Amino acid sequence: MASLILGSRSYSAWSGRSLVLGVVGSGDTVSVQASAALPKATAKHLEAVLPALDVSAKVAATAILPAVPGLKADKVVLVGLGSDEAGDGSTDALRRAAGAAVRAAGTGSVALALPHADEVRLGAIAEGAVGGAYTFTAHKSAADESGDREITVFSDLGRKASPHDVLERAATVARHVGWARDLVNTPPNLLYPQSFTEQVQQVAKASSGKLTVKVLDEKALAEGGFGGIVGVGQGSTRPPRIVTLSYTPRSRKVPHVALVGKGITFDTGGVCIKPAAGMLTMKSDMAGAASVAATVVAAAELGLPVAVTGYLCLAENMPGGNAQRPGDVVTMRNGTTVEIIDTDAEGRMVLADGMALAAESGPDEILDVATLTGACVVALGPKIFGVMGNDENLRTAITSASERADEPSWPLPLPADLRSGLDSAVADIAHKGDRTGGALTAGLFLQEFAKDAKGENIPWAHLDIAGPSFNEGSAWGHVPKGGTGVAVGTLLEHIAGLG
């Protein structure tokens, strides 16, 4: 994991491997911007060479210059920050630019002297830089320490802006986003319900935060009436778990947020088996649980004044001899009977049991996070997650938090006229509707479980992260190939706002 350091001297005196400077565009010209004025020799050299290098000011575009006069760094990485006319010092531009620049810098120490007007932008630079340094090398034979480098961030903000504190927070957030990425990237033969549980226990024990962990094993789940997750997991030799990970601040008079994460450690589709190509990335079907776990630990270490409880609903969906069948009827934790229509729509079943359990603790709101539907990816593409819910204010709060975290989202409706598609002739509800509106009917199903013991709605939002949770293409900006850790930033922004 990369370490973050606040630059204590002028960036011109920094003598490490790669120094990052920003580039902005104005018409047909580009110019270099830094956190403080460029040395005269540097400015003169760059003014002379930039026109010949075809340097782009497009956000996250990079160019490398060796041995720049006036600077002691071995090389300079120029990174695009966007249009000068637009004043594009936005947090998303800075975060993506910092990540792209650190990745382009390659190995060795790196320093960033990107312009920023306030501590929010400084935090975006720091988080983006660590995100860009991320690598997953746990199963590489040759040692690769490219992700374990020293990152220095230069800032001209005064002490009142507390740049040390800003970088400390950014390091905490980035560390746990990295953990969520690690979990998603871990091969499914090594990450399954029990090993996932053990990882959470180890991280919670080692954390500086005040955390408690409780585990429901397969026997407790069966005895507790968790028919949804028991049914999904019964086709696997690796039984399911629900892990409750809790953080409670010292003050008891604080909001309480329940986070429920889908944790299907591998999804074959069950007896409604997926095509072979459709299974290749199904180790990532536990990304919701990974993001929830990372969020709870980060909230505890940041000392946020909000009680946060995560419910990790962990199961393998396999087509074993005892696997669930279409047409089966199961009874959920809250007593609702559900007719199984498609065993490849298993995520909503484990989430519904988790939500029912969460509702019993009387939270102020429930947020579930899940790689739930391909329909959401079709609607919004691979970089935007959908947000649904039974409370418009909460849904708006989540989309606003996602914007601040540079994790794009879009609100989706829960049309009441689609609810009849979940009617069942043999049970209280069918767990899947028609093909059309698949993301929405999944949300309508989950909505039934965001209720208290009296049947009254608990404010609830559903984050369908099926698109952005796993990047199958090339790395871009601060986002690596593979697991992305999406939703951790959004959830932390939202929770911090409640406090």
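Each value in this text was obtained by applying a stated rule to the coordinates, not by laboratory testing. Note that the coordinates shown come from a computational prediction; the quantities given were computed from them, not determined experimentally. Virtual Cβ from ideal backbone geometry, glycine too; neighbours counted across all protein chains shown.
Would you mind telling me the antiparallel percentage of the DSSP bridges in segment 175-498, rounded to 5?
Bridges in segment 175-498 that DSSP calls antiparallel: roughly 50 percent.
Select from segment 119-227 those trypsin sites (Lys or Arg not before Pro) which occupy a DSSP coil region and have at most 15 other Cβ atoms within 10 Å, ordered by residue number. Intermediate results must be reported in sequence, preceding the final value.
Values: sites: 121, 140, 149, 159, 160, 169, 175, 181, 205, 210, 214, 219; in loops: 140, 149, 210.
Qualifying residues, ordered by number: 140, 210.
If you keep only loop residues by DSSP, which trypsin sites (Lys or Arg not before Pro) in segment 1-98 have at most 11 other Cβ atoms within 10 Å of their Cβ?
9
Which angle between 0 and 90 degrees, to the nearest 10, do you get for helix 392-404 versus the longest principal axis of the chain when only C-alpha atoms count?
Around 30 degrees separate the two axes.
I need the peptides 110-117, 436-443, 323-330 ranked by packing, meaning the mean over residues of other C-beta atoms within 10 angstrom, with the highest value on top. Mind dumping the intermediate values first?
Details: 110-117: 24.4, 436-443: 22.1, 323-330: 16.8.
Result, highest mean Cβ count within 10 Å first: 110-117, 436-443, 323-330.
Go through 58/140; 210/432; 253/454; 262/454; 205/274; 262/432 and tell me which ones have a Cα-Cα distance over 28 Å in this structure.
Checking Cα-Cα distances, 58/140; 210/432; 205/274 exceed 28 Å.
Any chance you could give the angle, 0 to 90 degrees and rounded to 10, that helix 40-53 forms with the longest Cα principal axis of the chain?
Rounded to the nearest ten degrees, it is 70.
Please give the helix 163-185 orientation as an angle from the longest Cα principal axis of the chain, in degrees from 0 to 90, rounded to the nearest 10.
Compared with the principal axis, the helix lies near 50 degrees.
Filter the GluC sites (Glu not before Pro) in segment 361-465 to those in DSSP coil with at most 11 other Cβ atoms within 10 Å of their Cβ, and list the result.
Within segment 361-465, the qualifying GluC sites (Glu not before Pro) (loop, at most 11 other Cβ atoms within 10 Å) are 456.
Under 11 Å from the Cβ of residue 461, count the other residues' Cβ atoms, weight Lys and Arg +1, Asp and Glu -1, and hand me the total.
After counting each charged neighbour, the total is -4.
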